[in-house]
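Structure first, commentary second.
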Amino acid sequence: MLLIHCPYCNAERPEVEFAYAGEAHIARPTDPSQLDDDQWRDHLYIRSNPRGLHYERWRHIHGCGRFFNAARDTLSDKFVTTYKASLPRPQIVQSEDTP
Amino acid sequence: MTMHPHHPLSGEGIALHKPFPLTIRPLADKARFSLRIDPDQRIAASAVLGLNLPGNIGDVAYAGEKTAVCLGPDEWYVTVPVADQAEIEAGFAALYAQQPHSLVDVSHREVSIGIEGRDAALVLQSAIAFDVDAMAPGSGCRTIFDGKAQIILLRDAKDRFQIDVWHSFSEHVWHFLQVVAREIELDI
C-alpha cells in the first residue's frame with residue numbers, strides 16, 4: 001500500500017485514507033460571461049493527462065479532511081512531493097532515471 | 001416510552017493471558033462531541049471545556065476524564081463524562097454569540113473499545129496500514145481500520161489504545177480483533 005504524506009497532518013498515511021480529486025491549479029475564468037462554448041469545454045473537461053510528472057489534488061478525507069496538492073509521476077505512481085492547497089506549484093527537477 | 005442507548009458490544013470482552021496479558025473491552029459510555037471552531041478561538045473554547053484544546057493535528061489533551069484530540073486544522077473530537085454534557089452544551093451555546101462554531105453531539109454514533117497490553121500495537125498493526133508503533137503516547141488520529149471502517153484511534157499510553165468507531169462498523173471491528181487476539185494467543 002502507498003503511504004502518502006499529508007502536509008496538514010505532517011505524517012505518512014495509507015492511501016485508503018485519501019481520495020483523488022483531479023488535476024490541480026485549474027483556475028476558474030475571471031470573467032465567465034466572456035467565454036465561448038469551446039473555452040468552457042476546455043476549462044471544464046480538457047485536462048493535460050501527462051505521461052510523467054502530474055500536479056493533482058488529493059483529499060485526506062478519512063484523516064484531517066483537507067484538500068492538498070501533490071506532484072506524482074503517472075508512470076511510476078511515485079509521489080514526488082505534497083504541498084498545501086493555495087501554495088504555488090513547486091519547481092521539480094526530474095532526475096535522470098525518471099522518463 | 002423510555003429509550004435506551006443500544007450498545008452492540010455490551011457484555012463482550014477478550015482477555016488473553018499468554019504470551020502476555022491483553023485485554024480488549026468495550027469502554028464505559030461517555031458524551032462525545034465533534035467541535036469545529038476557528039483555531040484562533042481555541043482559548044475561548046478551551047475555557048468552556050475546561051481543557052486545553054491541542055493546536056497540532058494528532059495531539060491529545062487530557063483533563064481528568066475529559067479528552068480532546070485535534071483531527072484537523074479546525075476540528076476536534078472531544079469526549080467528556082455524560083454528567084458534564086449539559087454544562088458543556090450550555091457553555092458553547094453562550095459562546096456562540098461571540099464566536100460562531102459547530103458543536104455536534106455524536107455520543108450515540110460511536111462505541112469505544114479499549115485495547116491494553118504489551119501486544120496492543122501488534123493487534124492494531126494487523127488492521128492499520130501506517131506504523132502504529134511510531135505513534136507517540138498521547139497522540140491520536142482518524143484513520144481506516146481494515147481498509148473499511150473509519151475509526152478514531154488514540155494512544156493513551158505505550159501499551160493502551162482506544163478505538164472509537166461507529167455502531168454499524170463495531171461488530172466488524174470487534175470480530176477482527178477477536179480473530180487477531182486468537183492468532184496472537186496461538187502465536188501464529
Over chain A: helical MRE at 222 nm, DSSP H runs n ≥ 4 each giving -39500 (n - 2.57), nearest 500: -2500 deg cm²/dmol
Charge dipole (debye, nearest 20) of the protein assembly as shown; +1 at Cβ of Lys and Arg, -1 at Cβ of Asp and Glu: 140
Interface size B-A, as summed buried accessible area [1.4 Å probe, Å², nearest 100]: 1100
For chain B: lysine pairs under 27 Å (alpha-carbon distance), excluding those fewer than 8 apart on one chain: 6
Distance between segment A:32-54 and segment B:84-101 - C-alpha centres, whole angstrom: 46
Additional length obtainable on full extension of the chain from A:ASP42 to A:ALA21, 0.36 nm per residue less Cα span: 5.8 nm
Estimated FRET transfer efficiency (B:VAL104, B:LYS148; beta-carbon r; R0 25 Å; 0.05): 0.60
P(r) of the protein assembly as shown over all Cα-Cα pairs, binned every 10 Å from zero, in whole percent: 6, 24, 28, 22, 14, 6, 1, 0
Structure-based [θ]222 nm, chain B - -39500 (n - 2.57) summed over DSSP H runs of at least 4, per residue, nearest 500: -7000 deg cm²/dmol
Ranking by accessible area, most exposed first, for B:ARG142, A:ARG51, B:ARG155, B:ARG118 with a 1.4 Å probe: A:ARG51, B:ARG118, B:ARG142, B:ARG155
Across the protein assembly as shown: Cys residues that no other cysteine approaches within a C-beta distance under 4.7 Å: A:CYS64, B:CYS70, B:CYS141
D_trans [Stokes-Einstein, Kirkwood Rh over alpha-carbon pairs] for chain B, 4 °C, 1.567 mPa s, µm² s⁻¹: 75
Rounded to the nearest 10 Å², the accessible area of B:MET135 at probe 1.4 Å: 20
Computed E for B:GLN178/B:TYR62 - FRET, C-beta separation, R0 25 angstrom, nearest 0.05: 0.30
Equivalent ellipsoid semi-axes, chain A, via Cα gyration tensor eigenvalues times 5, rooted, Å: 26, 18, 12
Gain upon complete extension [B:ASP38, B:HIS17; 0.36 nm per residue less C-alpha separation]: 2.9 nm
FRET E, pair B:SER10, B:ALA157, Förster distance 25 Å, beta-carbon r, rounded to 0.05: 0.50
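The values are calculated or read from the model by the stated rules, or taken from the named source; none is laboratory data. Note that this is a predicted model, so its numbers are computed, not measured. Neighbour counts are summed over all protein chains in view; Cβ atoms, including those assigned to glycine, are modelled from backbone coordinates with ideal geometry. Calculation scope for accessible area: heavy atoms of the full protein, side chains included, ligands and nucleic acids excluded. Shrake-Rupley method; radii C 1.70, N 1.55, O 1.52, S 1.80 Å.
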